[in-house]
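Here's the structure, in structure tokens; my notes come after.
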Amino acid sequence: MAKKHDLTRLGLLLGALLFSGCATSIDANPKDPWEPMNRQVFKINDSVDKAVVKPVAVAYKDYTPDLAQKGINNFFGNLRDVWSTVNSALQLKPTQTVEMTGRVIVNTTVGVLGFIDVATPLKLEKHKEDFGKTLGYWGMPSGPYLVLPFFGPSTLRDASGFVVDAKLNPTYHDITNVPLRNTLYVINAIDIRKGLLSVEDSLNAIAFDNYSFIRDAYLQRRLYEIYDGNPPDTEDSE
Amino acid sequence: MKAWKMKLVAFLKLTLRPLLVSSIGAFIGVLALSFSLSANAGDEAPDEFIKRLSTELQELVKNDPSLKAGDLQRTSAVVDARIMPHLNFQRMTASAVGPAWRSATPEQQTKLSTEFKTLLIRTYAGALSQVTDLTINVKPLRGSPDDKEVLVRSEIKGKGEPIELDYRLEKTPGNGSGWKIYNLNVLGVWLVETYRSQFSQEINAKGIDGLIATLVERNKTNAKK
């Protein structure tokens, strides 16, 4: 039932995207044909963030004991690591897959369900992977830039990856208690937003236009990640 | 700690710091001399150069409380003295401004360069104050040693996840004169390219003088924070 509903929503979203694809402005960035719509969504996200998400994240940062914040961050980090491990395997990275498996096992057991990160001091390094990256690894082009409602910067490819991330990530999938699962989603979101608070200040100092700055940084960063730090050289010097 | 002890420590720090800075200066002087003497044979490899520059900066910040505190004036002075000589800042600005650079008058170019530098210093002053707690790991160089332009990759490890920091360097003409940085990549994002697209929006809308005005304005707002 729930799945069907999600699919309908996705269909509507894609439909809206294709439709708005007709309305491109003249001096558009070729990677961002849906800029007018994206800017709208960006604006809405920004006001939702200012009104609700950011204040909550700030309060969380200011009024929760540091140790608790660290523990919660580790806990969700460990859950994300599980899915990153699966994606490391899908991207045929044997060493990384072994390392990440070790991380998850050590942190889940010795680290008490992931609340303590004992793996990092043991040199089991964290590698973040997601299904969008896996698709990119197998050669799927990123497609147009896309700002998702609430979740922010993405591309057509990364958004499809994101749906798979949300649906197939075994850690969340197995929780049948809906209130518990929703609580986990919310805390996870606050934890992620808290991590972005410090970035935000420098963003406001650097960017003239936050929208295009975030877009360009996101697209470059994803390309860099997919090529593991060696993207094809696109730099046109001078 | 007793009050007099604290005073003593503060006094020692105050007197020893200039001594330390000047001795580092002397050390670098000797280093530079030995490089220029060894000329062709002893050219420093670009990854070695980045490693040395990073370590020097770390030491400098470690021993300077006002740098650690992110003091802007002191940071600007250090950037001018210690970082700017290693950058081809003209190339960075030209590249960030894009095609419009060539049509800009020399005065406009100077103005752009100064304001761009201020913008960068304000942006990265905070980062500089935190370098002492970090481990900098420069990756082995790939490519041929005869390359005129190279990419040096490094990884910075602190409390959180490692941060990728890559540099593009050009060989300076002449023998044994070393390398200059002309672009910087933080977490996969090239600095010059990112500014270029921000700047081009301004130039398209308001021209070169418009960009200069926006930069001046932005630097003023940032200074108030």
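Considering only B:Val186, B:Pro173, B:Val216, and ranking their Cα positions along the charge dipole of region B:144-218 that arises from unit charges at the beta-carbon of Lys, Arg, Asp and Glu, the one farthest toward the positive end is B:Val216. The charge dipole of region A:79-140, taken about its Cα centre with unit charges on the Cβ atoms of Lys, Arg (+1), Asp and Glu (-1) only, comes to about 60 debye. Of the peptides B:90-97, B:54-61, the ranking by mean beta-carbon count within 10 Å, highest at the top, reads B:90-97, B:54-61. Please report how far the C-alpha centroid of region A:75-99 lies from that of region A:170-211, rounded to the nearest whole angstrom. One Cα centre to the other: 20 Å. Evaluating 6.51 cos²θ - 1.76 cosθ + 1.60 at θ = phi - 60° for every residue in region B:161-166, the Karplus couplings come out as 6, x, 10, 7, 9, 10 Hz, glycine and proline recorded as x. With a threshold of 20 Å on the Cα-Cα distance, the over-threshold entries among B:Lys111/B:Lys180; A:Lys133/A:Lys167; B:Lys117/B:Lys171 are B:Lys111/B:Lys180; B:Lys117/B:Lys171. Along region B:199-216 the Karplus relation, 6.51 cos²θ - 1.76 cosθ + 1.60 evaluated at θ = phi - 60°, assigns HN-Hα couplings of 5, 5, 4, 5, 5, 4, 7, 10, x, 4, 5, x, 4, 4, 4, 5, 4, 4 Hz to successive residues, with x for each Gly and Pro.
In this structure, the amide hydrogen of B:Leu184, modeled 1.01 Å from its nitrogen in the peptide plane, lies closer than 5 angstrom to those of B:Arg168, B:Leu191, B:Val192, counting only residues at least 5 positions away or on a different chain.
Note on A:199-208: average number of Cβ atoms from other chains within 10 Å of each residue's Cβ is 5. Of A:Leu124, A:Leu196, the sequence from fewest to most neighbouring Cβ atoms within 10 angstrom is A:Leu196, A:Leu124. Comparing Cα centroids, region B:132-151 and region A:113-161 end up 27 angstrom apart.
Each residue of region A:88-102 was assigned a 3J(HN,Hα) from its phi angle through the Karplus curve 6.51 cos²θ - 1.76 cosθ + 1.60 (θ = phi - 60°); the sequence is 4, 5, 5, 9, 6, 10, x, 4, 4, 5, 5, 4, 5, 4, x Hz, with glycine and proline shown as x. Mean per-residue shielding of peptide B:196-207 is 2, counting Cβ atoms of other chains within 10 Å of each Cβ.
Bear in mind that the values in this text are calculations on the coordinates, not laboratory data. Everything quoted here is computed from the prediction, not taken from an experiment. A quick note on method: Cβ atoms are made from the backbone with ideal geometry, for glycine too, and the neighbour counts reach across all protein chains shown.
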